[in-house]
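Below is one structure, written out as structure tokens, with a few remarks after it.
The values are calculated or read from the model by the stated rules, or taken from the named source; none is laboratory data. Nothing here was measured: the structure is a model prediction, and the numbers come from that model. For neighbour counting, all protein chains shown are included, and Cβ atoms are generated from backbone atoms with ideal geometry for every residue, glycine included. All accessible areas refer to the heavy atoms of the entire protein, side chains included, with ligands and DNA or RNA removed. Shrake-Rupley method; radii C 1.70, N 1.55, O 1.52, S 1.80 Å.
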Amino acid sequence: MSEDKLIRMDMGTMQGVGHESKGDRPILCLGIESSCDETSAAIVDSDRNILSHIIYSQIPEHQKYGGVVPELAARAHILAIDEVIKKTLSGAGKTLEDIDVIAATAGPGLIGGVLIGWMAATGIAQSTGKPLVAVNHLEGHALVPRLHAASASGADGVTNVDFPYLLMLASGGHCQILLVRGVGKYEMIGQTLDDSAGEAFDKVAKMLGLGYPGGPVVDKRAALGNPKAFKFPRPLCDKPGCDFSFSGIKTAARTFLSRISAPYSDEFINDFCASFQAAVVDCIIDRLGNAFKDSRVISAAPKTLVVAGGVAKNSAVRAGMEKLAATYGVVFAAPPMNLCTDNGAMIAWAGIENYKQGKIVTQPVAPRPRWPLTEL
């Protein structure tokens, strides 16, 4: 693996309340993530400091296919995992002896990749005698705003995200509204009935020939376009409940483009992206508005509205949710852009949160391709 494919993420220091220590120092966790197309590891401490963080992205390998190829992803993880862990330890100036707990994604995800990261973590834990935490990948996303949160504009300094909070978890494979009551305590408020928001963005980008991954480029092109240029449906909007449906918006885009000959002009693409994105964001905000009126949410009285997952990088989603949060008198928070997509830091932090709850592996764990948060 060439050095140029390793991305060093120096997050600096973020001090947190409630000092947790191992003797006279903070708990150190080595977190490993390999559930899709990033091989990542990080060392995080219980004072909310990211000491080292390495991500090896496989995007160049998958771009030619327009999406992630599971077999190629698994092979790339095999080739990268040892070096990523080695460089993570070196970047923090630590050895395995300095680490207090090992954490790794045990699902959900592409099972080939999950197995590789989990086997690496299991081997380290067994050879060193360190405690091991099996992390649900979605819980990594759900808890990472407690490690490091930012405002919609990306500015740091947001008040620490305390339980309970209302979470919009949106990625290429998931789209859920969850009431987060605590570590391992998740209540489903709403979810997609078909496609995820991230999948919809990726599919429309592919239709327009914008490449993979599609979400970031759609967001970029949308900023240059007119969101009212084209009319897209808003499925389920103005209806009771908090569930989503994005397949109709995606189908409308495909139907419209089938009537127009490519290549498309830059102005057309910009306007199309802006209009499509506006429809997706309107659906998200409508459903979240209903969530705030849900009796379970009202009873819990969360003080923070959080977005996490890859779609949390979308500027329009962030801006819309920040405005909605202000409407309901709560704080909006999101991870920094480089902690939205899959990463080892979120797994390390989830490892620390679970370790403090005494949730460590005491018997063999079978990695899972599917593992709903509500089963924790």
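Here is how the numbers come out for the structure above:
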{"read-out": "Some residue of segment 32-48 being among the hydrophobic types (A, V, I, L, M, F, W, C), over 29 Å from residue 131 (Cβ atoms), at pLDDT below 95 and open to solvent by 10 Å² or more (accessible area, probe 1.4 Å)", "value": "no"}
{"read-out": "Matching strands (runs of 3 or more DSSP E) fully within segment 158-262 where at least 1 residues are surrounded by fewer than 20 Cβ atoms within 10 Å (Cβ to Cβ)", "value": "175-182, 185-191"}
{"read-out": "Complete set of residues in segment 346-376 that are touching a Leu at 6+ places or on another chain (Cβ under 6 Å) and among the small types (Gly, Ala, Ser)", "value": "350"}
{"read-out": "Residue ID - farthest from residue 172 (Cα to Cα), chosen from residues in segment 244-264 that are of a type in the set (D, E, K, R) and in contact with a helix residue (DSSP H, G or I) (Cβ under 7 Å, 6 or more places away or on another chain)", "value": "254"}
